[in-house]
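Below: one structure, written as structure tokens.
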Amino acid sequence: MRILLVEDETAISGFLKEGLEEEGFAVDVADNGKTGLEMALDNLEEYDIIILDWMLPGMSGIEICRNIRKENQKVPVIFLTARDTTDDAVFGLEAGANDYIRKPFAFDELLARIRVLMRGTKGENSLFRWGDIVLDVDSHRVTKAGVNVDLTQKEFALLEFLLRNKGKVSRRTRIIEKVWDVHFDYDTSVIDVYINALRKKLDDKNNASFIETIRGVGYRINEDE
Ligand code: CA
């Protein structure tokens, strides 16, 4: 899950980036309006959520939002705003934003809005299943046969990615980009370490692993039988 954050106050963007990454999101930050719009338009298909500050050097969040909406109606947009009249909020929503949140806000409040929007716009359930394994995005929990399984953040993010792409092969380079947020040539062997951890925690002892290795390409969780 990839987020674009356009915010010129580095204290806020740093804090949000760190918090969102801890929650398993990949976060790109732009510190001015022009760069923000460029990044958004260059990678529109890649972003699952765009968070725009209202007042930005170069170009306002409103303008960025209008330009994004010319290209893409679907990507959820949240405004961060210090303004606090109802008119301004309406103005933001008219520009095509899905939601807004007033500064100062609690991180958990923003996170809750993000999760609601991601579920709503994709029309998807927050539950992903394979056999007796259930991953719940909202509560950030994984159970097997109804029993909680402790996963690290990266294990969770990797499992979520594979489950979202159930039935398809997830290429190693794609996994490293989406789950580790690394875009340059990078040793992908770290993936194997995490796949092994997931298998150890979630495989049935007597059956083949629920995560299939596609040699030289990547991994796949097959559709349930
Ligand atoms: Ca600002």
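When the accessible area of segment 11-120 is split by element with a 1.4 Å probe, what percent falls to carbon and sulfur?
Roughly 50 percent of what the probe reaches on segment 11-120 is carbon or sulfur.
Taking the Cα centre of the chain as origin and charging only Cβ (+1 Lys, Arg; -1 Asp, Glu), how large is the dipole, in debye to the nearest 20?
800
Nearest-5 percent of antiparallel DSSP beta bridges in the chain?
50
How would 6, 147 line up by accessible area, probe 1.4 Å, largest first?
I get 147, 6, largest accessible area first.
If you rank 79, 107, 15 by how much accessible surface each has, with a 1.4 Å probe, what is the order from largest down?
Highest to lowest solvent-accessible surface, that is 15, 107, 79.
Using only the Cα atoms of the chain, what do you get for the radius of gyration and for Dmax, in Å?
Computed over the Cα atoms of the chain, radius of gyration and Dmax are 18.9, 62 Å.
Mind ranking 12, 49 by accessible surface for me, highest first, 1.4 Å probe?
Ranking 12, 49 by accessible area, largest first, yields 12, 49.
The values are calculated or read from the model by the stated rules, or taken from the named source; none is laboratory data. Values in this document were obtained by computation on a predicted structure and should not be read as measured data. So basically every Cβ, Gly included, is an ideal-geometry build from the backbone, and we count neighbours across all protein chains shown. The protein model used for the area step is the full one, side chains on, heavy atoms only, and it has no ligands, DNA or RNA in it. Shrake-Rupley method; radii C 1.70, N 1.55, O 1.52, S 1.80 Å.
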